[in-house]
Amino acid sequence: MTDIYSLPTPAIHALIPSTMRALRGWLRGLPSERRGHTKFYRLSNTVVRLRQARKKGLSTVEIESLVAADVAARIHSEPGVDLGDDATARAAELLTTFTQPELERLQRVQIAFVTGLVTAFWSTPVHSIVTHVLHLHPDVLRYILTGQSDAIPMLESEWRAFSLQFYTANLHNAYQTQSKVA
């Protein structure tokens, strides 16, 4: 399974004050999944686009509402969720929209993730190949955007298991990164 398309256009419209025409304009061109007559979008792409396209960006309440809708639309994510072949580019774009508190939460998650990964592999170079896309994981993004930590690992042993599963599922992103550097 690739990244989760969890936000239908009508739900986004209900949460973000705008006309449907304006919303469709903001979302135009974003990767989506069509189910029946409705398009579904990824939380990460939606946050980036709305922060960039709307003159007033997204308020804390709007972010929390989008995250809550994302959580309600999916079962607790597995650490091994494959973020898709375009994860590196999406991660870089999302990173540019983070606020200072969000960047600080990302740093805390990355430190815990690397500790778990190093503990799992006993090799420090391993962490860099997937750390750059970690913030696309739905539960990690939820924590970064809202500070809600109930869905991410808390103990070192939990981070070790999470890190190993995430690394395994997203190893293909390492090859993309290495081929772009070479």
Using 0.36 nm per residue of separation minus the Cα-Cα distance, give me the extension gain between T19 and T119 in nm, one decimal.
31.0 nm
With no solvent and one equal point scatterer per Cα, compute the Debye intensity ratio I(q)/I(0) for the stretch 7-73 at 0.11 Å⁻¹ and report its log10, rounded to two decimals.
-0.21
Would you please give the FRET efficiency between I111 and D150, computed as 1/(1 + (r/R0)^6) with r the Cβ-Cβ distance and R0 = 22 Å, to the nearest 0.05?
0.70
Hydrodynamic radius (Kirkwood) for the stretch 53-117, which is based on Cα pairs only, to one decimal in Å
14.2 Å
Top positive-direction residue, dipole computed over the stretch 7-73 with Cβ charges, set L66, A53, T9:
A53
Cα-based Rg then Dmax for the stretch 1-117, in Å, read 14.6, 46
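Read the figures in this text as sums done on the coordinates, not as results from a lab. Bear in mind the structure is a predicted one, so any value in this text is a computation, not a measurement. Note that each Cβ is placed from the backbone with ideal geometry, even for glycine, and that neighbours are counted across all protein chains shown.
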